[in-house]
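For reference, the structure I am asking about is given below.
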Amino acid sequence: MTDVPVKDPVKYGELVILGYNGSLPSGDRGRRKSRFALYRRAKANGVKPSAVHILNTPQDSKAVHSRGQHSISFTLSRNQTVVVEYCHDNNTDMFQIGRSTESPIDFVVTDTSGGGKEGEDPSIAPSTISRFACRVVCERNPPYTARIYAAGFDSSKNIFLGEKATKWKNPDGHMDGLTTNGVLVMHPEGFPEDPKQGLWREISVCGDVYALRETRSGPSRGKLAEGESSALRDGSLVDLCGATLLWRTGEGLMRAPTLRHLEALRQELNASRPQCPVGLSTLAFPSLPRSHSLEERQPWVYLTCGHVHGRHDWGQRSEGVEDPGEGDGSTARRECPLCRSVGPYVPLWLGCEPAVYVDAGAPTHGFVPCGHVCSERTARYWAETPLPHGTHAFRPICPFCSTALSSPGWTRLIFQGPID
């Protein structure tokens with residue numbers, strides 16, 4: 001953002017979209033990228049609730065909106081609207097996330113399709129991510145708590161909950177509501193050292209925490225999750241119904257592996273000169289920025305057993321049913337020459353989005369069925385973390401490409417060392 005001061009600003013944290021392995025397929029550009037760093041702004045831009053107006057005529061509404069304040073409108077009926085005005089808050093910074101490219105959005109997020117390719121034609125599959133999906137409000141002073149709220153303010157500084165939206169009046173009198181497809185959050189315990197998944201919850205427009213609705217956009221809200229907070233923790237997941245974001249705190253990122261760590265692990269693995277047991281050639285993982293297109297010495301794996309080979313044509317099964325999604329027949333069933341187990345045979349790719357790693361362990365495990373490689377603890381964590389899918393289902397995905405994982409979702413890789 002242009003208003004980041006030059007001298008070392010405080011970094012609140014980063015939001016990383018799962019499934020992109022380091023950058024968007026078409027490259028990161030401006031506010032459209034795979035990760036977004038939140039820094040303390042030069043000048044606070046947060047807002048907090050102030051006056052509440054109950055309006056009975058369109059004229060009243062005009063009078064309130066012409067004041068140029070941020071506001072949230074709750075339409076109760078054709079002739080009654082509650083408008084909550086918001087005033088400037090010197091103690092917080094606000095960051096807005098959504099599909100819209102209008103100026104109030106700081107981080108533009110579009111739907112992630114499984115397999116990490118951006119939807120080619122948005123008209124075929126309409127987006128389920130809201131234009132103004134959510135906002136993150138960070139305290140400008142330590143401990144720099146970041147809280148998430150459903151919905152973002154539009155270009156006219158308004159959040160509008162129409163007649164059909166799910167909304168209610170709380171016992172203390174304040175109005176609240178949910179967005180159409182909802183903003184779901186999961187806070188893990190003990191991330192990243194000893195992470196345990198938390199429960200998925202829904203966040204309201206005013207930042208309260210509720211149990212999930214029966215279906216994603218159901219008409220009635222879940223039960224209030226008393227004592228639970230919308231404050232993001234290191235490792236919290238935010239699901240916008242079409243993309244899932246991972247929150248890493250500034251502190252958490254300082255302890256997380258960096259691209260340089262991952263590059264060193266890649267070089268160490270290549271230095272051990274793993275061999276293809278069939279072609280007896282030396283295998284090598286391509287350098288990280290290039291790890292999107294297949295290379296000659298790329299390692300391949302039999303997912304059923306984990307034996308790593310180079311690319312070869314041995315052991316093709318005539319009854320192999322190719323997955324129509326993969327053009328090169330890589331998912332045809334193949335027989336492993338070492339142990340005769342039969343299953344998919346796929347290229348291995350190093351996971352190069354450091355934020356999703358829970359440790360800096362060696363790249364010993366691959367996700368099934370996509371073949372992305374990372375540390376054992378990272379593979380186990382994501383394979384055991386179900387993410388929202390569709391209207392009421394949950395499933396684990398590969399954090400590097402968002403492919404739905406099989407069960408089990410990972411395999412231990414067995415490299416053959418040099419014979420000499």
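Would you mind estimating how fast segment 11-255 diffuses translationally, via Stokes-Einstein at 4 °C and 1.567 mPa s with the Kirkwood radius over Cα pairs, in µm²/s?
69
Once R0 is set to 30 Å, what does the formula 1/(1 + (r/R0)^6) return for the Cβ-Cβ distance between Glu295 and Asp8, expressed as a FRET efficiency to the nearest 0.05?
For Glu295 and Asp8, the calculated efficiency is 0.15.
Give me the accessible area of Ser127, 1.4 Å probe, in Å² rounded to the nearest 10.
Accessible area, nearest 10 Å²: 40 Å².
Set the bar at 31 Å for Cα to Cα. Now go through Lys33/Lys62; Lys48/Lys167; Lys48/Lys164; Lys164/Lys223; Lys43/Lys169; Lys11/Lys196 and name every pair that lies beyond it.
Lys33/Lys62; Lys43/Lys169
Next question, about the same structure. Can you tell me, using C-alpha contacts under 8 Å and at least 6 residues apart, the relative contact order of the chain as a whole percent?
Value for the chain: 14 percent.
Compute the distance from the alpha-carbon center of segment 331-379 to that of segment 1-76, in whole Å.
One Cα centre to the other: 38 Å.
Can you give the accessible area of His372 in Å² (nearest 10), computed on protein heavy atoms with a 1.4 Å probe?
Rounded to the nearest 10, the figure is 20 Å².
Okay, helix-only estimate at 222 nm for the chain: each DSSP H run of n ≥ 4 adds -39500 (n - 2.57), divide by all residues, round to 500 deg cm²/dmol; what do you get?
Here the helix-only value at 222 nm equals -2500 deg cm²/dmol.
Then there's this: Taking every Cα atom in segment 234-285, find the radius of gyration and the maximum pairwise distance Dmax, and write them in Å.
17.8, 47
Using a 1.4 angstrom probe, figure out how much accessible area segment 164-270 has per residue, in square angstrom, rounded to the nearest whole.
Value for segment 164-270: 47 Å² per residue.
Another question about this same structure. For Thr215 and Arg260 in the same chain, what is the full-extension length gain: residue separation times 0.36 nm, less their Cα-Cα distance, in nm?
12.0 nm
Still on this structure, please answer the following. At a 1.4 Å probe radius, which order do Ser23, Ser73 fall into by accessible area, largest first?
Accessible-area ranking of Ser23, Ser73, largest first: Ser23, Ser73.
Let me ask something else. How large is Rg/Rh for the chain, to two decimals, with Cα atoms and a Kirkwood Rh?
Rg/Rh: 1.04.
Could you order peptides 43-55, 82-94 by the average number of other Cβ atoms within 10 Å of their residues, highest first?
82-94, 43-55
When the gyration tensor of segment 259-412 is built from Cα positions, what are the square roots of 5 times its three eigenvalues, in whole Å, from largest to smallest? Write out the running numbers ahead of the final one.
Values: eigenvalues 110, 92, 33 Å².
Ellipsoid semi-axes (Å, largest first): 23, 21, 13.
Roughly speaking, to the nearest percent, how much of the chain's 1.4 Å accessible area is carbon and sulfur?
Of all accessible area on the chain, carbon and sulfur atoms account for 51 percent.
Now, a different point. Based on Cα coordinates alone, diagonalise the gyration tensor for segment 68-109, multiply each eigenvalue by 5, take square roots, and list the semi-axes in whole Å, largest first.
Computed over segment 68-109, the values are 25, 17, 8 Å.
Now a separate question. Once fully extended, how much extra length lies between Ser113 and Thr282, figured as 0.36 nm per residue of separation less the alpha-carbon to alpha-carbon distance? The partial results should precede the final answer.
Working: separation 169, 0.36 × 169 = 60.84 nm, distance 3.43 nm.
Extra length available between Ser113 and Thr282 comes to 57.4 nm.
The values are calculated or read from the model by the stated rules, or taken from the named source; none is laboratory data. Note that the structure is predicted; figures quoted are calculated from it, not measured. Cβ atoms come from the backbone with ideal geometry, glycine included; neighbour counts cover every protein chain shown. Remember, those area values only see protein heavy atoms, side chains included, never the ligands or the DNA or RNA. Shrake-Rupley method; radii C 1.70, N 1.55, O 1.52, S 1.80 Å.
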